[in-house]
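Peer 1: If you scroll down you'll find the structure; I have some questions about it.
The values are calculated or read from the model by the stated rules, or taken from the named source; none is laboratory data. Because the structure is predicted, anything quoted here is derived from the model rather than measured. FYI the Cβ positions are ideal-geometry reconstructions off the backbone, even for glycines, and counts take in every protein chain you see. To get the accessible areas, we keep the full protein, side chains included, count just its heavy atoms, and leave off ligands, DNA and RNA. Shrake-Rupley method; radii C 1.70, N 1.55, O 1.52, S 1.80 Å.
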There are 2 protein chains.
Amino acid sequence: MHVGSQQNRTAVRNKVFLGLFVHSTALDELEYLHETAVFVDKSGTIVAVEKNCNEEKVRETVLARLGWEAADVEVVKARGGQFFFPGFIDTHIHAPQYPNVGIFGSSTLLDWLNTYTFPLEASFSDKAKARQVYTRVIRKTLSHGTTCAAYYATIDVPSTNLLADLCLVSGQRALIGRVCMDSDLSPDYYRDASPEASIAATKATIEHIRTIDPALSLIRPVITPRFAPSCTLPLLRQLGDLAKETALPIQTHISENKSEVALVRELFPPSLTGAADDSYAAVYDAVGLLTERTVLAHAVHLTEHEADLVAARKAKISHCPCSNSALTSGAAPVRRLLLDRGIACGLGTDVSGGYSASVLEAARQAALVSRHVAFGPGGEERDRLSVDEVLFLATRGGAEVVGLGDKVGGFEVGMEWDAQLVGLGAIGEDGEEQEWEGEDGGPGGNVDVFGWESWPERVAKWVYNGDDRNTVKVWVKGRLVHERK
Amino acid sequence: MHVGSQQNRTAVRNKVFLGLFVHSTALDELEYLHETAVFVDKSGTIVAVEKNCNEEKVRETVLARLGWEAADVEVVKARGGQFFFPGFIDTHIHAPQYPNVGIFGSSTLLDWLNTYTFPLEASFSDKAKARQVYTRVIRKTLSHGTTCAAYYATIDVPSTNLLADLCLVSGQRALIGRVCMDSDLSPDYYRDASPEASIAATKATIEHIRTIDPALSLIRPVITPRFAPSCTLPLLRQLGDLAKETALPIQTHISENKSEVALVRELFPPSLTGAADDSYAAVYDAVGLLTERTVLAHAVHLTEHEADLVAARKAKISHCPCSNSALTSGAAPVRRLLLDRGIACGLGTDVSGGYSASVLEAARQAALVSRHVAFGPGGEERDRLSVDEVLFLATRGGAEVVGLGDKVGGFEVGMEWDAQLVGLGAIGEDGEEQEWEGEDGGPGGNVDVFGWESWPERVAKWVYNGDDRNTVKVWVKGRLVHERK
């Protein structure tokens with residue numbers, strides 16, 4: 001359970017990935033790299049991308065150029081109906097809430113917290129339960145292709161540290177946030193005793209992570225005020241100071257639900273905070289929590305002025321469409337935030353306000369919800385997100401949101417190999433599932449390819465009907481971390 | 001490929017189903033029948049429902065009462081984590097469009113038809129292709145628990161008849177509609193030559209179905225004007241007359257998209273049709289197509305007055321949330337149609353305007369879309385559909401919509417056994433999937449049950465994260481028609 005255990009299980013070799021690669025090159029553009037080879041060194045870094053390549057060319061020319069011996073190279077091929085795709089980035093997920101996915105009844109945010117969420121999170125002082133649930137959520141998200149997750153844990157330090165340990169051992173890239181909440185919005189049985197206690201607990205988790213992954217190469221701490229109403233003003237200020245001192249990332253919630261927005265206005269008037277106006281974003285700004293390293297989940301009900309402030313501070317937004325629909329929060333106008341404001345946006349599953357741990361499901365719902373924005377009040381054609389765009393949000397967009405835009409999210413030299421091998425099903429002339437021509441078939445799940453579809457159409461089929469059955473293998477930093485049996 | 005082939009593969013026995021049964025007893029109420037036995041005779045009819053029952057009691061008391069010999073009885077048990085649920089009813093699905101699921105780009109209804117749909121449907125004059133696709137769509141929908149589907153086929157008679165044959169052989173209950181469309185909205189290469197040709201072709205399919213299933217016990221013809229703009233007025237009138245003569249059900253589309261509504265107003269003014277007003281519903285009413293046997297798909301943009309007319313004629317509505325979101329059509333206020341108007345509503349996948357062949361996905365999206373209605377313009381809390389309500393729509397509601405409300409949709413004496421066995425996954429203390437206590441486990445797919453959830457919570461988990469992996473077995477009219485391997 002230390003950094004060493006993530007490597008050296010078997011001798012690490014250089015890797016060559018061969019076949020079709022699909023990744024985003026811009027918000028509205030997926031690139032299809034056919035017959036391409038991507039070379040990943042032992043550190044998990046992409047050192048070469050060769051187009052118009054095949055196994056023979058790899059052996060005869062590229063290995064020598066890289067100085068790699070053939071015996072020290074593992075070749076992984078995408079077969080018929082398969083392609084390599086960047087790993088998904090879940091920019092907002094509450095790990096302890098996973099057992100509640102789908103359980104929210106007719107609640108909305110504030111009663112949902114008290115009815116479903118706080119009791120479950122409080123139970124994580126039981127470390128055995130924490131181990132059970134955290135093991136499961138990591139397995140589950142890896143199996144859906146999530147190579148990086150920005151986790152909220154609970155207020156409990158030992159189990160939060162355990163989540164960090166388990167991510168490291170499992171090889172999932174993660175931001176780990178020990179949740180800070182000291183206001184009486186939260187019940188007596190589940191809140192920090194004081195701002196000082198909250199800060200001390202946060203520092204304890206930061207220290208733990210620095211011990212297990214000193215370079216923060218896979219696991220990073222993230223300063224996590226639950227959301228403004230959960231915190232007293234002194235705690236918010238001290239967390240702002242801590243973020244400045246440590247230069248660590250920050251994650252919190254903003255403008256998810258109208259009652260919540262009203263509550264923030266009531267709890268934190270500018271007369272108290274010294275904020276420039278009475279908006280939600282201005283509260284975070286006044287205490288030093290609205291920064292270019294801040295991930296704001298939801299942002300459904302931002303005012304125009306508030307969106308300007310978020311953009312000016314270069315804060316990022318985690319769009320959580322499954323959650324926003326399920327909890328009747330609203331529909332975030334994501335495409336406008338992206339294009340009109342230039343705000344970096346990614347996708348969050350928001351388990352368990354969101355009912356699914358799958359970023360692919362979040363991508364699908366982002367496309368569908370954007371259509372509701374388009375035909376809703378003030379909506380326009382340009383509010384609709386395309387398949388290419390939601391896949392950008394799930395990969396490159398998410399990488400930028402969690403501060404890893406230069407490291408993961410695409411297939412470029414210098415980036416790390418966080419990727420998934422995606423396989424689709426082939427349908428034969430008899431209407432039954434069959435092997436791809438000349439290949440061993442993988443399970444196609446719900447994605448049926450008849451053979452006449454273009455590659456962009458196949459990818460659209462994956463977005464709309466795919467699930468974890470289509471995620472055949474998953475790698476993080478070059479290490480194989482999930483393989484579908 | 002005649003009626004006989006659906007039986008007699010193996011000797012048919014009486015059946016006893018034992019365990020937990022879940023079904024709707026009202027729109028907002030699921031009933032949980034624990035330790036119950038349901039007795040199904042050789043004709044597939046439920047002849048007894050015994051609560052507080054077990055295998056011993058079945059053997060010792062009930063069989064004698066029914067006059068069944070033990071050797072002539074097959075016992076099927078729901079194990080830990082499993083329950084019997086009524087089969088799903090898909091009240092609106094275009095069978096030939098299945099290969100296009102997920103492929104719609106940024107199109108909306110009218111351009112989608114020309115770009116994606118008409119070319120594909122026209123290709124079904126190739127009977128080999130029809131056999132491939134229809135085989136697949138039946139397999140796929142059965143595997144998702146669809147025991148009854150109201151299919152639109154194409155204008156081609158031989159392949160439409162083949163769809164009927166394949167449903168009969170596969171044992172899927174179906175309404176089969178040969179699509180009628182003679183107006184120049186459709187391209188030259190894909191439309192009926194005249195109203196008379198369209199009627200003759202419709203009659204040919206009706207005759208074929210009467211030949212293969214004379215009692216229409218499993219397969220029924222359905223009169224299917226594609227939608228008003230696809231038909232000339234003479235064709236609409238003749239189809240109205242045919243419906244009256246034959247007393248057959250009718251299916252068509254209504255008010256899916258605002259441009260379509262405007263087009264209908266333009267094409268069919270009251271001065272032409274003699275309709276009472278210029279609404280879309282009034283056009284169908286004027287030609288005798290708005291009846292209590294009519295299934296209207298979509299009904300997104302009905303006016304208040306129009307909804308009154310639909311209700312007065314006792315016509316039914318197929319709600320297609322996946323399609324309405326995907327094609328940016330709008331969000332139908334289903335709960336108001338149900339409660340304020342008393343209109344019978346069911347769910348339709350609307351493949352391939354809808355991206356999924358799964359009625360469970362349609363149920364999930366119905367719940368989510370209803371929340372968008374609730375927070376949309378004029379929306380209220382009462383617009384939200386609960387888990388229990390969307391499952392009612394998927395079963396009892398759908399049964400009423402397709403005219404089978406007395407035959408299927410629940411577990412009652414006198415109804416036919418159209419059912420699915422649903423299995424969920426169990427998570428052990430180590431966070432891994434495990435067997436249910438004392439049982440062989442089935443695949444849990446994405447539904448993880450930790451053990452502390454109530455049964456209503458488990459059902460909610462199924463609705464929000466379930467897929468075909470949770471549909472373990474499927475029966476229609478007592479016959480096992482799908483078993484997950």
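Peer 1: Over segment A:239-318, calculate the relative contact order: mean separation of alpha carbon pairs under 8 Å at least 6 apart, over the residue count, as a percent.
Peer 2: This gives 35 percent for segment A:239-318.
Peer 1: Suppose each label sits 7 Å from its Cα in the direction of the beta carbon; what would the A:Glu292-A:Asp184 distance come out to in nanometres?
Peer 2: Result: 4.1 nm between the two label points.
Peer 1: Under the Kirkwood approximation applied to all pairs of distinct alpha-carbon atoms, what is the hydrodynamic radius of segment B:264-398 in Å?
Peer 2: So the Kirkwood estimate lands at 15.1 Å.
Peer 1: With the contact rule set at Cα under 8 Å and sequence spacing of 6 or more, what percent relative contact order holds for chain B?
Peer 2: That works out to 19 percent.
Peer 1: Probe radius 1.4 Å, ligands and nucleic acids left out: which of B:Val49, A:Val310 has the largest accessible area, and how do the rest follow?
Peer 2: Per-residue accessible area, sorted high to low, gives B:Val49, A:Val310.
Peer 1: While we're looking at this one, here's another question. Between B:Ala64 and B:Asp430, what FRET efficiency follows from the Cβ-Cβ distance if R0 is 56 Å, with the result rounded to 0.05?
Peer 2: 0.75
Peer 1: Taking the Cα atoms only, what angle lies between the long axis of helix A:258-267 and the longest principal axis of chain A, rounded to 10 degrees?
Peer 2: 40
Peer 1: Within 10 Å of each Cβ of B:99-112, how many other protein chain Cβ atoms are there on average?
Peer 2: 5
Peer 1: Using only C-alpha atoms and all pairs of different ones, pull out the Kirkwood radius for segment A:28-126 in Å with one decimal.
Peer 2: Evaluated over segment A:28-126, this radius sits at 18.3 Å.
Peer 1: Something else about it: In degrees, nearest 10, range 0 to 90: what is the angle between the Cα axis of helix B:455-465 and the longest Cα principal axis of chain B?
Peer 2: It is inclined by approximately 50 degrees.
Peer 1: In whole Hz, with x marking every Gly and Pro, tabulate ³J(HN,Hα) for segment B:97-108 from phi via Karplus 6.51 cos²θ - 1.76 cosθ + 1.60, θ = phi - 60°.
Peer 2: Computed from phi, the couplings for segment B:97-108 are 7, 3, x, 9, 4, x, 9, 8, x, 10, 6, 10 Hz.
Peer 1: So the label point sits 7 Å from Cα along the Cα-to-Cβ vector; using that for A:Gly438, what distances do you get to the other copies, in nanometres, sorted shortest first?
Peer 2: 5.5
Peer 1: Going by the alpha-carbon gyration tensor, a ≥ b ≥ c the square roots of its eigenvalues, is the protein assembly as shown rounded (a/c under 1.5) or, if a/c is not under 1.5, prolate (a/b greater than b/c) versus oblate?
Peer 2: prolate
Peer 1: Apply the Karplus curve 6.51 cos²θ - 1.76 cosθ + 1.60, θ = phi - 60°, to the phi angles in segment B:396-410 and return the couplings in whole Hz, x for Gly and Pro.
Peer 2: Each residue's phi maps through the Karplus curve to give 4, x, x, 4, 5, 4, 8, x, 10, x, 8, 9, 9, x, x Hz.
Peer 1: Could you state how much accessible area A:Ser198 has, in square angstrom rounded to the nearest 10, with a 1.4 Å probe and all protein chains kept in place?
Peer 2: Approximately 0 Å² of A:Ser198 is accessible to the 1.4 Å probe.
Peer 1: At 1.4 Å probe size, with no ligands or nucleic acids counted, give the accessible surface of A:Tyr280 in Å², nearest ten.
Peer 2: 10
Peer 1: Separate question: What does the average come to when, for each residue of peptide B:377-386, you count the partner chain Cβ atoms lying within 10 Å of its Cβ?
Peer 2: The shielding value for this peptide is 1.
Peer 1: Please work out how much accessible surface B:Ser43 shows to a 1.4 Å probe, ignoring ligands, DNA and RNA, in Å² rounded to 10.
Peer 2: 60
Peer 1: Classify segment A:236-303: rounded, prolate or oblate, from the alpha-carbon gyration tensor (a ≥ b ≥ c, eigenvalue square roots; a/c under 1.5 rounded; otherwise prolate if a/b is larger than b/c)?
Peer 2: The shape class here is oblate.
Peer 1: Sticking with this one: Report the number of Lys pairs in segment A:88-401 whose alpha-carbons are under 19 Å apart, with separation of 8 or more residues or on distinct chains.
Peer 2: Taking the Cα cut-off of 19 Å, the pair count is 4.
Peer 1: How far is B:Asp277 from itself in the other copies, in nm, if each label sits 7 Å out from Cα along the Cα-Cβ line, shortest first?
Peer 2: Ordered by distance, the counterparts are at 4.3 nm.
Peer 1: Oh, and also: Per 0.36 nm of contour for each residue apart, how much would the distance between A:Lys258 and A:Glu381 grow if the chain were fully extended, relative to their Cα-Cα spacing?
Peer 2: Residue separation times 0.36 nm, minus the Cα-Cα distance, leaves 41.7 nm.
Peer 1: Which percent of the accessible area of the protein assembly as shown is formed by carbon and sulfur heavy atoms (probe 1.4 angstrom)?
Peer 2: Here it works out to 49 percent.
Peer 1: Report ³J(HN,Hα) in whole Hz for each residue of segment A:120-126, in order, from the Karplus equation J = 6.51 cos²θ - 1.76 cosθ + 1.60 where θ = phi - 60°; Gly and Pro get x.
Peer 2: 5, 4, 4, 6, 7, 5, 7
Peer 1: Something else about it: R0 = 56 Å: FRET efficiency of A:Ala197 with B:Val413, Cβ-based, nearest 0.05?
Peer 2: The formula returns an efficiency of 0.35 here.
Peer 1: For segment B:46-87, restrict the atom set to alpha-carbon positions and state the Rg and Dmax in Å.
Peer 2: Rg, Dmax (Cα atoms, Å): 11.5, 32.
Peer 1: While we're looking at this one, here's another question. Which of rounded, prolate or oblate describes segment A:88-401 when judged by the alpha-carbon gyration tensor and an a/c cut-off of 1.5?
Peer 2: In terms of gyration-tensor shape, rounded.
Peer 1: Okay, next question. Looking only at other chains, what is the average number of their beta-carbon atoms within 10 angstrom of each beta-carbon in A:134-140?
Peer 2: Partner-chain Cβ atoms within 10 Å, mean over residues of A:134-140: 4.
Peer 1: Name the lysines eligible as straight-distance cross-link partners of A:Lys15: C-alpha to C-alpha under 21 Å, and not fewer than 8 places from it in the same chain.
Peer 2: A:Lys15 reaches A:Lys42, A:Lys51, A:Lys57, A:Lys77, A:Lys407, A:Lys473, A:Lys477.
Peer 1: Please work out the FRET efficiency for the pair A:Ala128 and B:Thr115, using the Cβ-Cβ distance as r and a Förster radius of 60 Å; give the result to the nearest 0.05.
Peer 2: 0.60
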